[in-house]
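Accompanying notes for the structure given below.
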Amino acid sequence: MERVNTILLIGRPGSGKGTQAKLLSERLAWICLSSGERIKEIRDGNEPFSARVRAVFDKGTLLPDWLADYILESGLLEIEPYVGVITEGFARTEQQAHHYADIIEWLGRNLVVINLEVSEEEVTRRMVSRSEVEHRPDSNSEEKIKARLAQFAADTMPALEYLRSLGLVKEIDGEQSPAKIAEDIEKLLSV
């Protein structure tokens, strides 16, 4: 098997995907592509459609698949195929998972999908805490958190199952400390 040079972090909202993407990017010196971070930049900026993004994001609902697809496509096309890349916030629906896998295959990248397994109770606790510390409008109420978890179950679980059917998914216990999770991911990748 060729060396993995592309990681997709997937898991429930609040499972630590963004944290792990940053940690792994620093530790492995890989590029990090995050749809969530880019969308937050747009939300907080003065781009022509920032107000529209702000309105959708602040309700705690997902933006259109095509926006995440655009962020992924434009980001990956800027990176040499041999350079390591960590992605998170993509493949939120089964259609997106098909699109993501097609892009990766076409670019000749070697992918592993890391599912950060965290219970709904734990991610709810984390999201409440994160909302208080980071003033996150997308998870500042129990209703928004429940809606995001329901959306994950309805949309992202089928995407995860599709990626599993391709033999790409590795499970990691996401309820450990961030450092231990990063260590487990590095062991899994043999880096």
On the formula 1/(1 + (r/R0)^6), with r taken between the Cβ atoms of residue 119 and residue 27 and R0 of 22 Å, the FRET efficiency rounded to 0.05 is 0.25
Among 89, 18, 167, the residue with the largest mean-square fluctuation in a Gaussian network model of the chain built from Cα contacts under 10 Å is 167
Quick calc: nm separation of the 7 Å Cα→Cβ label points for residue 151 and residue 80 -> 3.8 nm
Taking 128, 133, 113 and counting other beta carbon atoms within 10 angstrom, the fewest-first order is 133, 128, 113
Set 40/170; 17/180; 146/170; 17/170; 22/170, cut-off 22 Å on Cα-Cα distance; pairs above it are 40/170; 146/170
Shape call for the range 108-191, from the Cα gyration tensor axes a ≥ b ≥ c (a/c under 1.5 means rounded, otherwise prolate when a/b beats b/c, else oblate), comes out oblate
Once normalised by the length of the chain, the mean sequence separation of its alpha carbon contacts under 8 Å that are 6 or more apart gives a contact order in percent of 34 percent
The rounded separation in angstrom of the Cα centers of the range 60-110 and the range 120-141 is 26 Å
Listing 37, 142 by rising number of other beta-carbon atoms within 10 angstrom, fewest first, gives 142, 37
Honestly the range 52-175 on the Cα gyration tensor test (a ≥ b ≥ c root eigenvalues; a/c under 1.5 rounded, otherwise a/b vs b/c for prolate or oblate) is just prolate
Per GNM of the chain with C-alpha springs under 10 angstrom, the most fluctuating residue out of 35, 141, 15 is 141
From fewest to most C-beta neighbours within 10 Å, the residues 162, 82, 70 line up as 82, 70, 162
Per the 1/(1 + (r/R0)^6) rule, R0 = 22 Å and r from the Cβ atoms of residue 105 and residue 66, FRET efficiency to 0.05 is 0.65
For the range 11-53, shape from the Cα gyration tensor axes a ≥ b ≥ c, cut at a/c of 1.5 then a/b versus b/c, turns out oblate
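Each reported figure results from applying straightforward, stated rules to the coordinates on display, with no laboratory input. Because the structure is predicted, anything quoted here is derived from the model rather than measured. Every residue, glycine among them, receives a Cβ derived from its backbone with ideal geometry; neighbour counts consider all protein chains shown.
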